[in-house]
Structures are given as structure tokens and as C-alpha cells.
Amino acid sequence: MAPAVFNTVVAGYLGQAGSIPVRLRHKHCHTSPGPDAVPEGENHHVARRACMGVRTWLGEWPIFRQATGPDPLGRGAAVQSPRTQALGPRTADADEVVKSICPYCAVGCGQNVYVRDGRVTQIEGDPDSPVSRGRLCPKGSASTSLVTSPSRVTTVKYRRPHGTEWEDLDLDTALDMIADRVIDARRRGWQDTDDEGRVLRRTLGFSSLGGATLDNEENYLIKKLFMALGAIQVENQARI
Amino acid sequence: MAEAHPVGFQWVMEAKARGATIIHVDPRFTRTSAVADLHVPFRAGADIAFLGGLINYVLSEGKDFREYVTTFTNAAEIVGEDFVDTEDMAGIFSGYNAETGRYDPISWQLEGVDYEAPAAGMRDHWEPELRDETNQSEQGRQREHHAAIGSDTAGGAGDAAHATGSPRRDETLQHPRCVYQVLKRHYARYTPEAVSQVCGMGVDEFLAVARAITENSTRDRTTAWVYSVGWTHHSVGAQYIRGAAILQTLLGNMGRPGGGILALRGHASIQGSTDIPTLYDLLPGYIPMPNAHLHEDLRSFLDADAAKTGFWGNMDTYLVSLLKAWWGDAATAENDFAFDYLPRLTGDHGTYGIVRDQIDRKTYGYFVVGENPAVGHANGKMQRLGLANLDWLVVRDMQMIETATFWKDGPEIETGELRTEDIGTEVFFLPCANHTEKAGTFTNTQRLLQWRREAVHPPADARSELHFYFHLGKRIREKLAGSTDDRDRPILDLTWDYPTFGVHEEPDPEAVLAEINGYDADGNHLASYTELKADGSTTAGCWIYTGVYKDGVNQADRRKPGTEQDWVAAEWGWAWPANRRTLYNRASADADGKPWSERKAYVWWDAEQGTWTGHDIPDVEATKPPTYVPEDGATRQDALSGTDAFIMQTDGKAWLYAPAGLADGPMPTHYEPVESPVANLLHEQQDNPALERIDRAWNRINPSQSEVYPYAFLTYRLTEHHTAGGMSRFLGYLSELQPEFFCEVSPALAAERHLEHLGWATLISARTAIEARVLVTERMKPLRIGDRVVHQIGLPYHWGSNGLSTGDPANDLLGVVMDPNVHIQESKVATCDIQPGRRPRGPALLEFVESYRRKAGVEPGGIT
Ligand code: SF4
């Protein structure tokens, strides 16, 4: 199970915050950070190995530590290897933490977006938010995989009329072709008046669908542009 | 709520921990039911019977919050003599025209009031009659009446725009035609026994709910109702919400802390996309779009649609400021502030009408932006046929969703109804930026605007919508530059110069937010919509958002931790309007402005200081005393008294009875869903007489009470997926958590149809047949309705053919019939058959579905 989801589920049942505040977690992190966590520097690791004596070697043996140490059940320090000890949470190495909001449902949970080297490395709940108090549900917790998804398409794809395959297209060319098509469809669908002479001053040549996943600023530009073009057919999920 | 809005549900659990009773009324037993004090299973589509039953209980037992009702509602007003209730007309109200299938609401008016304005989209209906009457002798009042009921309001600005004169009142509530008594008679037949019969719940269960909510609605206690699209996706959807509004108003739960009717909206900014509407019938801030008919100029538009009293009386200031924001210097007093630059409506241009026109090749291009109609909207076939008949389609998304690939792998390719080579649609797939790759505001379900900061840049060709539409607009303006065609003036005169940054020339979203907020004549950021003017000296892109950029500060980006604030948390983000967290909160105090109780104090009148004060921004002019009485002829908010808490209404009252504003009756009435397994046990009229249909081969409807399609089904969401799956089915974790499309059936239905747990089932409607894994579960309960047992089947609707987790789309099973007020489809209940095993493949599927239609006496299906 994915760590982010796991934390949410477990913490949810414990009646605690779905995402443990990051500062705390960094200091006291004893949980496995998951397979794709960023390991700490290798150098540190090698230096430690070099000064190992026999006693150290024996002391590294989990069953010995379990039998002699303070962790007889072998659920904590006794079973940690140097590798697991060296692992840290992704969030610890972030260059910056950026304040955001979950993109899924309309609860509007706060998110902290962890960025390293210009890439999103982790997304956690924002404990400051009075809406969500640090929690995220499975969807919000999966936001990291949403924004880093390997199947995400990042280049323009074009299917010509009657075509059987996608083709590549330059973004600027695509924008230009779309602008031409809007102008053309607008002209073909234009209505100055209806058949009874009432002024319409509009086009039914093209329409738009979408908005509930967009920002207010984006919806504003869509509505403003479409109104200026005389295009009344603007719709979104709110009616669906 | 625990499943679809999990983190919001923590507050329900907090309330429970503090002693609140949680009641869950839902056909399915869910994670919400598991932690509720009481789960009441019932039949999908029977909600008005249930709500009507509660209203009847309140009225017949005299349990209403009388002082609240007499102070804040229209209970005392007298309904005109012409009104005939459903009781006396076999389930239909007076004013119904069987030929057109629509109502004339004039007989619903109150006595002493000339006429009141109408519901959205009705103008077309009345326009011919209006024109006819111009040739008749008795034009005067009739003509005005039709002008009034023909206006374009969408439940906001123009409701009761034309009410003139004061309605007659009976403060004792005894007059047989006063609203209170009319309401009481209307719901008298909604007895606990009737509710039990119609809804399939026990009389005891019903009474337990009725007692719980009435005992919990007092000076000291309030009850909240929470709903979602389970209430709106019906052919009587708007009336469901009205039902809750009546009940909550009778119980004194509106405008008070812990009260209200809370809509849980399903997308990050679906509230925002309604406020700044990417919707055909609205302008920003719920100003109606002008219709072709009578709105030749600004004045006639305001006369027809703007109220004269209450805060909608200021619509002139909101609208002129909007026009100034859009057309700047080109909008002058001389040219009506460019009012005629706005295109005009002539009826319903909602999404299903658009798709019908696509199929008929009446419209040629389509932008689909962050939405996946090919599997996410009702009647998927209809949606995909629309796409296949376009000249061009632009899809902007992160993943290769079904709407982008319908031409090569849509279900119609498999059946042979469409061939890839024959589909002429030119498709542009443009990758979009995700929520961490752009800054901007989402408006959440409680009207809270929260700013997201940009964390990283979008990769490769991915761009924000802000970028795409800004540059598309620029490009179009360049191409049209120099045009002398009149029709190009609006686009060429448009204010379209946003500052940009970065190599991709990303427009600055704060500059857009500042424009939405608005400026005064000197270029200062406005602080409140009350500063807006109708003389062209102010601008505001969306008047209800004015204040979000107050003092030049992005108020939506305020992030004072919740732990450092009181429970209202007014310094986190910014809520419209005016950062007010609870609407109509004047009603949290009594007529004298005193809190109803210490425990429920929220805002109150401070007589010493001469001002309203409290925990929230008071929803009333700060210095208007509770004793204020308007002078004769007063307008705008000055026409409302100090006890008129519902300030957007022309009369300042909460309407228990709606003399105008709805297309299907002044009071909610139980009608069966169009596809229902049972007859209407409450009224002779089976379904909503005013509902809207699309009668086409690709939209066949199952006959009501059909033995061929004997089971009810409902669609819903899972915690682990999101809507049509574009943001969840492509992700590993979420696909692992809910890997496959399934249907929930009761053990009894499984036995009746030989369905095996974890095996396959095929579900059949007049549209198509789909297959799903079977989940046999006690969570679905067979219900006794009248003299028969009704089985309900649950279908999560997230699937399609693309992504990591694939399956048939539940939406393909649905047809489209619509509510006449808002043109929303009835997708939360319909009928089907269910059989064990997988569905036929290829052309055999068509023949299979056709054989069902033949058996049921339904006309043949098809793609044209
Ligand atoms: S984390 Fe879950 S509950 Fe919160 S906004 Fe996101 S989807 Fe909604």
C-alpha cells in the first residue's frame, strides 16, 4: 500500500490527522518511507562501514539486537538496517514547500507541495488549514502520483479528419490552427437576427465544456472571450 | 459524505463527539451510515415524499419555530383566489398547458401583488403569446405580465423582479388562503404511512427522523441538512432543494450557526465555475444573460430582470461595472456601456441541447477542458455521437481520456455503428498544466476562495488554461485586426492586456483576480460591492467577488493557521460575499436583533454602538436598526425593513411558497422518476408534467413500471475515484484501491437473477447494455413499495476504456430527461434489467439491446 494512502487510512482510524505534520515526522520518523524515497548521501554510509569492528558487526545482527536490546518484539530499532536508518522522508530534502489546495473535490483541503530541483517530490495535507487540519483523503493523498504520473501526456497530439492515428504537432501551429477554426466556425454559425428580426448577435458555431476543475481566473477568461466572440454555448459540470 | 467528501466529514464526526445526532438517509448503506446514529434506507427518487412528510409532520403537529416563521417568512401572505393546488387537479397545479407541457405561473400569485417574475428559460414560451396580444384590445396588464414571466432569471437576480404592491397578510396564519394554510393542505396527504409506502421506510423510522429534527430545531439548537447531486440529478431536482428550504425555514434553521442546507459540490471549483459561470444562461455573479426578446437596451433589460427592492435592486451597478471591466473605454453611457455587445439567448442552450445540435451538425467546433463527457455524462452514446459529428474538437487534459480517443476505441467502433475512417472530426489534444503548475483560486463548497501558489513549471507543451485562452484570444484579435465588420467590435474592443511573465508569457493570474475584484475611477482596488456604481465609474468582473483583492492584497491567499483563530476562521482565504461565512445571518437574531439564545449567538444588534456585530460579517447593512421601517417608495435595500433577513429577495422574506421563480410549481410535489418501477402512490400525475425530454433514436426511454426493465438503479461515487476517472483511473494507488467497475446488489436480487458474488452481470436499458462485476451485499436492501418489492442496484460511474483500471461506463446506461428549471438530467435514478454473465460483443450487442426494446414496446434505437 502506498505510504501516503496508508498514513491516511491508518491515521484516519486512529482518529488522528490524516497526514502527520511534516516537521514532526521528519524528526521522529520510524516508519518506512516507501520505495521511492530519496536516500541520504552514500558517502555517509561508506564511512560508517569502514570503522566497523566485530562487536559492531554482531551488533548489526537483528536477532542479537532483538534479544539483547530494548526492542524484544523486533518492531523498531532492532530490525533496522543501516540502509533503513539512512533513509529519510522525501519531504526532508525539499528545496521549498509551496502552499496549495487539493484539486479533487470541493472540500478544498489545504496541501503542502514539496519541491526539489524544480520537481514535485511529495504532497501532504496542510495542518494550518482550518478546513482540513492537515488531513487528506485517498484522492488528495494520491495527488503526488497525479502530478508525476508516467502516463501523463505532455505534448500536443493531432488527429486529422478520418485519420487512424495520432500525429505530433507543434504547440504554436496548433494554437494558430485552432484560432483559424474558431474564426471560421464563428462565421458559419453567426446569427445577426432570428427570422422574426430580433437581434441575436451571436454564433452557434462552436461551444465549450468544462470549468469545474479550473481556476476562477481561467473561467473568467473563457467566459469573457466567448462573450466577446458572441459564442453563447459555454457549459460546465455544474449542469451535469 | 464520508465517502465522497471524506475530509469534510471530520466535522460531522466532531459534532457527533459533542453530542449531535447524525442521520443518514440514503438508498445504500455506506461508510456514512456506518458511523451515523441512524441510517434510513429508502427508494431513490422518493425524496420529495420524504421531505413533504416531514413538512406535514411539522405543520400538523404545530412544531414550526413560530416566531422565526412570522418574522422572516412569507407564511402570513395570502395566495390569490385563482390558485388551484395539486389536491384539486389530479396532481397538477393551475396554469398547466398540456400542449406545451409548461406552466403559466400567473395563477400562483399572491393577493395584492400585481405579478412576479418567472423561472429561467421560460421567455421563449411566452414570447409568441406576447406578440399575439399586441394586436388585441386588452393588452396592458397582460402584456406586462408576459414580459415579466418571460424574463431570464436563473433563480437569482430577477425572481420577483416585478412584484409591485404589498401582499395581503394574516398575521394569525388562520386565513384559509394564507401561505401557511395552503402549505398545510398541500402536504396533508404526506402522512407517515404514505411516506412509508412511497419511500419504503418504516413508519417508525420516519417518525424517529421527524422527532429528531423537530426536537433539535429550537432557540438553543439547530439542524443542518447536507446533500449532493443525489438531490439535483432528478427531473424534479430543483424542487428537492425547495423541499429542504421549506422545511429548514419552518424550523428556523436558516442563517443560524449549525443550520442551513449545505450543498456538497463535487469538484475543486465547481462553485467558482457557477459564480464566474462557464454556463450559458448566466453572467458573472448570477446576473442573467439577456434574451433576444425584450432586451433591446440596457434599460429594458434592467426593467425586465432587475428587482427594484432588496440587494438585487443594485443590479444596474453590478452589470455596468461588469461591462466596464470587459469593454473599458469602449463602454460609454452613450452606447449603453456596450450592452448590445452581449450575445442574446433564445431559449435553452444547455449542454444536452448543444450535443443534440452537434449530432445534427448545427454546430461545428467544441472545446472540452478538464471534463470527460464521453464517459462522464449521462447517455455516453449521445455524447460520443456528438463528438463524431463535429468538424473539430479541442481536448485539454493531462491524460488521454476517452473523450480524446472516441474515434479509435469508443464503444461505437466496437459495435460497428461508427468507423474510424468515416469520422471526420479533427482532434487537437493539448496537454494542460496541473494544480501545482499554476497559481489561481478555487472556490470550495462553502464559497471560500483559496489561492494556490505555483510550485513548479508545467512540462513541455503543457500550459494553464489561463495561458491557452489568453493567447488564443490574442491570436484571434490579431487575425481580425482592422476588420470593419460590426460583429468584430466586441472582440476587438475587449480589454485583453494582461501582464505576462516567463518564457511562455504566462498571464499574471493576480492581475485577472484584481480585474474580477474591480477598481474605482482612480484605479484603486474596490473593497466591497456596495461601492459599485451604475454610471460607469467603477469596474468589477464579478460583483460577488469584489473585496477579494481589497487594499491590493490577495485576500484568498490569507493563511493564518486555523489553530490561531476562532471557530469561524475568518482570516483563512476569503468567502464571497464580503468574506461572510454564513449567508442571511441576520436571521440568527430575533426581530429585536437579540440572539435567539446564548448558545446560538452569531450576529446581533449592539444598540449602544448602533451597529450589527458578532462572530461573522453581518449580512445586513451594519447600521440598519432592527426597528427600521422603509418609507413608501423606497428602493434597493432601503425598501427592506430591519427584520427582512433575506436581503436578496425583493420582499426580504424566505419563501415557503414560491409565487414565481420555478417552472414546475410553487410547492414541491412528489412525482415519480421518469423511469420508475412503481406508480405514483401520492398523486394521479405519474411524473413531473413540466420536465424536458429529447425524443431521439439515441435517447430511448424505458417505459415506467416496465416488466422488461424491472429494477431501479442509481449511480454514485467511490472515495477512491473521481468523477469520470480522468484524475483517478490513470493513477496506480487509486486504481489498486478500486480496481474494477462493479454493481452492488442485494442477496435477494442475486438469488432472483442468479447473480454470483464476484461474477459478471450485464445491465440493460433502452440505451445499451453494460457489464460489471457483481458485489452481493446486505448494503442494498430490497424495499416494499405499495404492494411490490423494489430492488435497487448501485453503480459507481467512474469507468471507461482508458487508464490503468478500465470498465464499462455506468453513464452509458442512462438516458436524458431534464428538470425544467435548470436543465439537469435525471441520472440518480433510472431502470434496467440485470442478467448474469458478460454482455454480447460487437454488433451482437446492438441486436441484444434492440430485442429488449422490442419486448418493452420501445421504438428502435439508432445513431441519427
Ligand atoms: S483531500 Fe479528499 S476530501 Fe480533501 S479536497 Fe481532496 S478529494 Fe476532497
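The values are calculated or read from the model by the stated rules, or taken from the named source; none is laboratory data. Just so you know, these numbers come straight off a predicted model, no measurement behind them. Glycine also receives a Cβ, built like all others from the backbone with ideal geometry; neighbour counts cover every protein chain displayed. Accessible surface is based on the protein model in full, side chains and every heavy atom, while ligands, DNA and RNA are left aside. Shrake-Rupley method; radii C 1.70, N 1.55, O 1.52, S 1.80 Å.
Look at B:I491 and say whether it is crowded, with 16+ Cβ neighbours inside 10 Å, in contact with a Cys (Cβ under 8 Å, 6 or more places away or on another chain) and of a type in the set (A, V, I, L, M). Judged against the criteria, B:I491 is not a match. Exactly one residue among A:V182, A:V156, A:V199 is at the interface with chain B (Cβ under 7 Å from one of its Cβ atoms) and farther than 16 Å from B:F367 by Cα, and that residue is A:V199. Restricting attention to region A:202-224, the residues that are outside any loop (DSSP other than H, G, I, E, B) and either within 7 Å of chain B (Cβ to nearest Cβ) or open to solvent by 10 Å² or more (accessible area, probe 1.4 Å) (or both) total 14. Within region A:127-140, the residues that satisfy the criterion of being among the small types (G, A, S) and within 8 Å of the ligand (Cβ to nearest atom) are A:S132, A:G140.
Before we move on, is B:E67 at pLDDT 95 or above, open to solvent by less than 10 Å² (accessible area, probe 1.4 Å) and more than 16 Å from the ligand (Cβ to nearest atom)? No, not satisfied. Does A:G163 count as among the small types (G, A, S), in a loop (DSSP other than H, G, I, E, B) and open to solvent by 30 Å² or more (accessible area, probe 1.4 Å)? Spelling it out, it is not the case that A:G163 is among the small types (G, A, S), in a loop (DSSP other than H, G, I, E, B) and open to solvent by 30 Å² or more (accessible area, probe 1.4 Å). Residues of region B:511-528 that are touching a Gly at 6+ places or on another chain (Cβ under 9 Å), open to solvent by 20 Å² or more (accessible area, probe 1.4 Å) and of a type outside the set (G, A, S): B:E515, B:N524, B:H525. Scanning region A:137-152 for residues that are out of contact with any Phe, Trp or Tyr (no Cβ under 7 Å at 6 or more places or on another chain), at the interface with chain B (Cβ under 7 Å from one of its Cβ atoms) and open to solvent by 10 Å² or more (accessible area, probe 1.4 Å) gives A:C137, A:P138, A:V147, A:R152.
Taking only region A:75-126 into account, find how many residues are within 7 Å of chain B (Cβ to nearest Cβ), within 12 Å of the ligand (Cβ to nearest atom) and part of a strand (DSSP E or B). Within region A:75-126, residues that are within 7 Å of chain B (Cβ to nearest Cβ), within 12 Å of the ligand (Cβ to nearest atom) and part of a strand (DSSP E or B) number 2. Residues that are within 23 Å of B:I824 (Cα to Cα) and free of Cβ contacts under 8 Å to residues at least 24 places away in the same chain were ranked within region A:228-240; the one that is surrounded by the fewest Cβ atoms within 10 Å (Cβ to Cβ) is A:R239.
Scanning region B:416-434 for residues that are touching a residue at least 24 places away in the same chain (Cβ under 8 Å) and open to solvent by 10 Å² or more (accessible area, probe 1.4 Å) turns up B:G416, B:E417, B:L418, B:G424, B:E426, B:C432.
For (1) under 24 Å from B:P6 (Cβ atoms); (2) crowded, with 21+ Cβ neighbours inside 10 Å; (3) within 14 Å of chain A (Cβ to nearest Cβ); (4) not polar (S, T, N, Q), each residue gets a yes or a no:
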position	(1), (2), (3), (4)
B:E707	no, no, no, yes
B:P710	no, no, no, yes
B:F713	no, yes, no, yes
B:Y716	yes, yes, yes, yes
B:Y733	yes, yes, yes, yes
B:L737	yes, yes, yes, yes
B:P747	no, no, no, yes
B:A766	no, yes, no, yes
B:R788	no, no, no, yes
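Before we move on, is A:T193 more than 7 Å from every other protein chain (Cβ to nearest Cβ) and open to solvent by less than 20 Å² (accessible area, probe 1.4 Å)? Taking the combined requirement at face value, the residue does not satisfy it. Among the candidates B:Y240, B:Y227, the residue that is open to solvent by 30 Å² or more (accessible area, probe 1.4 Å) and not β-branched (V, I, T) is uniquely B:Y227. Checked against (1) within 7 Å of chain B (Cβ to nearest Cβ); (2) within 16 Å of the ligand (Cβ to nearest atom), A:H162 passes all but a single condition, namely (2). Restricting region B:1-34 to residues that are over 20 Å from B:A210 (Cα atoms) and aliphatic (A, V, I, L, M) leaves a set whose member that is surrounded by the fewest Cβ atoms within 10 Å (Cβ to Cβ) is B:A17. Note on region B:419-524: enclosed helices (runs of 4 or more DSSP H) holding 3 or more residues that are under 30 Å from B:F406 (Cα atoms) are B:465-480. Checking each residue in region B:312-348 for being away from chain A (no Cβ under 12 Å), open to solvent by 10 Å² or more (accessible area, probe 1.4 Å), among the hydrophobic types (A, V, I, L, M, F, W, C) and part of a helix (DSSP H, G or I) picks out B:W312, B:F337. Is region B:266-275 home to any residue that is more than 12 Å from every other protein chain (Cβ to nearest Cβ) and either among the hydrophobic types (A, V, I, L, M, F, W, C) or touching a Gly at 6+ places or on another chain (Cβ under 6 Å) (or both)? Scanning region B:266-275, I find no residue that is more than 12 Å from every other protein chain (Cβ to nearest Cβ) and either among the hydrophobic types (A, V, I, L, M, F, W, C) or touching a Gly at 6+ places or on another chain (Cβ under 6 Å) (or both), so the answer is no. Of all the residues in region B:260-310, those that are open to solvent by 10 Å² or more (accessible area, probe 1.4 Å) and among the aromatic types (F, W, Y) number 1.
The single condition from (1) facing chain A (nearest Cβ under 7 Å); (2) aromatic (F, W, Y); (3) farther than 27 Å from B:A556 by Cβ that B:F406 fails is (1). Scanning region B:726-747 for residues that are within 13 Å of B:P796 (Cα to Cα) and touching a Pro at 6+ places or on another chain (Cβ under 9 Å) turns up B:Q738, B:F741, B:F742, B:C743, B:E744.
Applying a threshold of 7 Å to beta carbon distances and a minimum spacing of six or more residues, or different chains, the list of pairs starting in region B:808-828 at a residue that is at positive phi and ending at one that is open to solvent by 10 Å² or more (accessible area, probe 1.4 Å) and part of a helix (DSSP H, G or I) reads B:H823/A:R239.
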